[in-house]
Amino acid sequence: MVEENNVVLPGQMQFFWGDEDQPQADAVRDESSDDMADVKKLKKAAKAKTTKKRKKSASVKKKAQKPSATVKLATAVAKKQKKKASRKFVRPVPQESVTATKIAPPDELVADDVLSLQPVVSDIVVADDRESAVVVAEPGVVEAVQPTVKVKNRAPKTVVSDVEVSSMSNENSDVPAAGFADQVDCFNMKWGARFPKVGFGFWKVDKDKTAEVCRTAIEVGYRHLDCACDYGNEVEVGQGIASAISDGVCDREDLWVTSKLWNTYHAADHVRIACERSLEDLGLDYLDLYLIHFPIAQRFVPFEKSYPPGWLFDPDAKNPTIEEARVPVSETWQAMEELAKSGLVRNIGICNFGTSQIRDLLTYAHIRPAVLQVETHPYLTQEKLLRYCQQEKITYTAFSPLGAQSYFSLGMADPSEAVMEHPVVREVANATGKTVAQVLLRWGVQRGTAVIPKTSSKQRMIENINVFNFELSDAQMAAISALDQNRRFNDPGHFGEAAFNTFLPIYE
């Protein structure tokens with residue numbers, strides 16, 4: 001209302017305070033007049049009538065909301081059962097469980113405690129009166145109101161194969177009765193899972209030996225198993241896992257099993273069937289981690305035509321090539337998120353992505369990537385990428401942590417490029433009394449990455465996992481890091497053209 005010298009301006013209406021339904025007369029009333037007194041009486045009566053009506057309405061509503069005796073009884077029973085359940089000890093499941101100890105508020109957690117912002121996807125029993133909730137604070141960021149929860153364990157789908165799996169017991173070694181599993185440091189993921197800092201990689205493990213190698217690795221104490229559709233040996237890895245579980249070496253919940261989505265399955269319609277195929281081959285009900293193998297989408301190849309399909313669309317063609325598909329990473333990631341929501345996988349992540357690709361993904365991801373896996377060793381230290389992942393709370397896993405060893409037989413590295421032969425590394429090994437492999441793996445772990453070496457030798461398995469009983473000095477760490485040459489051995493921009501007649505750069 002606009003007034004000037006108590007005169008109502010043209011086009012304006014004036015209302016009594018608290019009585020917005022009754023407009024005032026066109027002229028301003030004199031409060032000393034009889035008419036004004038009458039108006040005041042009418043207002044007072046109307047206000048009393050309205051107040052009475054509101055009180056009556058509130059009384060009726062309250063009565064209607066009052067729970068019946070049956071509802072009261074059901075509520076009391078439910079609270080009693082919930083309180084009783086909260087006292088029971090349930091063995092925590094990796095990734096979806098949260099330990100019974102007090103959990104710090106989000107802003108009190110240190111970097112290692114908040115490495116994954118992935119929501120739990122499973123059957124959850126709330127262990128106290130608080131309810132679990134996931135809150136989207138802003139687009140692309142999932143945070144949680146952290147309760148203390150216990151998770152129902154689903155029975156693992158493990159099938160013992162007819163293939164006999166031995167334990168390589170003929171090799172002499174000093175393995176503790178329970179293996180080295182308890183000695184391996186882990187990253188504490190956001191939802192209570194523990195991600196072992198030393199895992200076992202199955203790339204290039206001979207298919208005929210994979211089941212035996214897997215079983216032995218688990219006996220030694222490896223709980224982090226890194227697999228992929230493209231490795232072509234997931235069936236055999238599954239046989240090794242089933243053998244270890246059936247013989248009581250470990251439980252399914254003790255293992256962290258990773259697999260990867262191959263390039264030919266990036267379209268939304270193909271992501272789930274690819275994941276289900278890996279689960280079927282591994283004999284599991286769920287994966288602890290599922291990664292996009294490369295930021296490269298290839299033309300779809302049906303299972304019945306070729307599995308795993310590899311790089312070439314038609315190997316029998318006169319000039320076989322890699323045939324790319326125009327599928328955006330955003331489409332693939334959305335389908336990966338659906339896997340997490342469905343419970344088929346407990347974490348999702350990426351391989352072979354750079355900082356720009358990760359930054360772009362974070363702009364549309366509703367479930368953030370839990371893990372980045374990328375080639376890393378002293379000749380390729382990836383300092384900026386590692387720092388960026390630590391800043392974004394993305395766990396960093398280094399593949400090929402020993403350098404060029406796996407690439408000699410592929411013609412992708414020269415023996416002169418062996419990191420393990422470098423004088424600096426050998427000098428550190430002599431000074432610490434450890435092997436060269438242990439020094440390289442310790443360097444990787446100590447700088448904040450997980451490492452996934454592979455070997456078929458039980459003695460080397462023991463050597464590779466036993467890197468938590470010593471530390472490198474700052475000077476030794478710096479000397480090894482100074483070997484960086486930005487030398488990448490696994491680069492589609494190089495091997496794509498040489499081996500598959502297709503120029504396929506992804507890092508430039």
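The figures follow:
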| item | result |
| --- | --- |
| Those residues of region 230-260 which are within 30 Å of LEU312 (Cα to Cα) and part of a helix (DSSP H, G or I), in sequence order | ASP230, TYR231, GLU234, VAL235, GLU236, VAL237, GLY238, GLN239, GLY240 |
| Subset tally (residues that are part of a loop (DSSP other than H, G, I, E, B), β-branched (Val, Ile, Thr) and under 26 Å from the mean Cα position of the chain (by Cα)) for region 273-313 | 1 |
| Index of the failed condition, VAL436 passing every other in (1) closer than 30 Å to VAL329 by Cβ; (2) among the β-branched types (Val, Ile, Thr); (3) surrounded by fewer than 20 Cβ atoms within 10 Å (Cβ to Cβ) | (1) |
| Filter result for the condition that a residue is in contact with a helix residue (DSSP H, G or I) (Cβ under 9 Å, 6 or more places away or on another chain) and charged (D, E, K, R), over GLU375, GLU337, GLU383 | GLU383 |
| Complete set of residues in region 370-412 that are of a type outside the set (S, T, N, Q), part of a helix (DSSP H, G or I) and within 20 Å of ILE480 (Cα to Cα) | GLU383, LYS384, LEU385, LEU386, ARG387, ALA404 |
| Any hit, region 268-290, residues being in contact with a strand residue (DSSP E or B) (Cβ under 6 Å, 6 or more places away or on another chain) and either free of Cβ contacts under 8 Å to residues at least 24 places away in the same chain or closer than 24 Å to PRO505 by Cβ (or both) | no |
| Answer residue from region 295-322, given it is crowded, with 21+ Cβ neighbours inside 10 Å and of a type in the set (Phe, Trp, Tyr) and is farthest from ALA499 (Cα to Cα) among those | PHE313 |
| From the options VAL235, VAL271, residue that is closer than 20 Å to LYS454 by Cα, among the hydrophobic types (A, V, I, L, M, F, W, C) and out of contact with any Pro (no Cβ under 7 Å at 6 or more places or on another chain) | VAL235 |
| Qualifying residue in region 358-366 (condition: in a loop (DSSP other than H, G, I, E, B), within 21 Å of the chain's Cα centre (by Cα) and either at pLDDT 95 or above or surrounded by 21 or more Cβ atoms within 10 Å (Cβ to Cβ) (or both)) | yes |
| Residue, nearest to PHE294 (Cα to Cα), within region 220-244, restricted to residues that are acidic (Asp, Glu) and surrounded by 24 or more Cβ atoms within 10 Å (Cβ to Cβ) | ASP226 |
| Tally, over region 180-208, of residues that are assigned to a loop (DSSP other than H, G, I, E, B) and farther than 27 Å from GLU236 by Cβ | 5 |
| Tally of residues being in a helix (DSSP H, G or I) and under 19 Å from LEU372 (Cβ atoms) across region 261-270 | 1 |
| Matching residues, region 329-354, being farther than 30 Å from GLY283 by Cβ and either under 16 Å from the mean Cα position of the chain (by Cα) or surrounded by fewer than 16 Cβ atoms within 10 Å (Cβ to Cβ) (or both) | SER330 |
| VAL198 being in the same structural domain as THR376 (by TED's automatic domain parsing), under 24 Å from the mean Cα position of the chain (by Cα) and at pLDDT 95 or above | yes |
| Cβ pairs under 7 Å, 6+ apart, first in region 472-498 and under 26 Å from SER409 (Cα atoms), second small (Gly, Ala, Ser) | PHE489/SER400; PHE489/ALA404; PHE489/ALA413; ASN490/SER400 |
| Number of positions in region 468-508 that are in a loop (DSSP other than H, G, I, E, B), of a type in the set (Ser, Thr, Tyr) and surrounded by 13 or more Cβ atoms within 10 Å (Cβ to Cβ) | 2 |
| Residue among ALA317, ALA365, ALA335 that alone is hydrophobic (A, V, I, L, M, F, W, C) and closer than 20 Å to CYS229 by Cα | ALA335 |
| Pair list, Cβ < 9 Å and 6+ apart or interchain, from region 436-447 residues that are touching a residue at least 12 places away in the same chain (Cβ under 8 Å) to residues that are acidic (Asp, Glu) and not in a helix (DSSP H, G or I) | ARG442/GLU471; VAL445/ASP185; GLN446/GLU471 |
| Odd one out for VAL257 among (1) farther than 20 Å from ASP206 by Cα; (2) of a type in the set (Val, Ile, Thr); (3) crowded, with 23+ Cβ neighbours inside 10 Å | (1) |
| Boolean, ARG326 is surrounded by fewer than 21 Cβ atoms within 10 Å (Cβ to Cβ) and assigned to a loop (DSSP other than H, G, I, E, B) | yes |
| Any hit, region 419-430, residues being surrounded by 20 or more Cβ atoms within 10 Å (Cβ to Cβ), part of a loop (DSSP other than H, G, I, E, B) and in contact (Cβ under 8 Å) with a residue 12 or more places away in the chain | no |
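The values are calculated or read from the model by the stated rules, or taken from the named source; none is laboratory data. Values in this document were obtained by computation on a predicted structure and should not be read as measured data. Quick reminder, even Gly has a Cβ in these numbers, built from the backbone with ideal geometry, and neighbours come from all protein chains shown.
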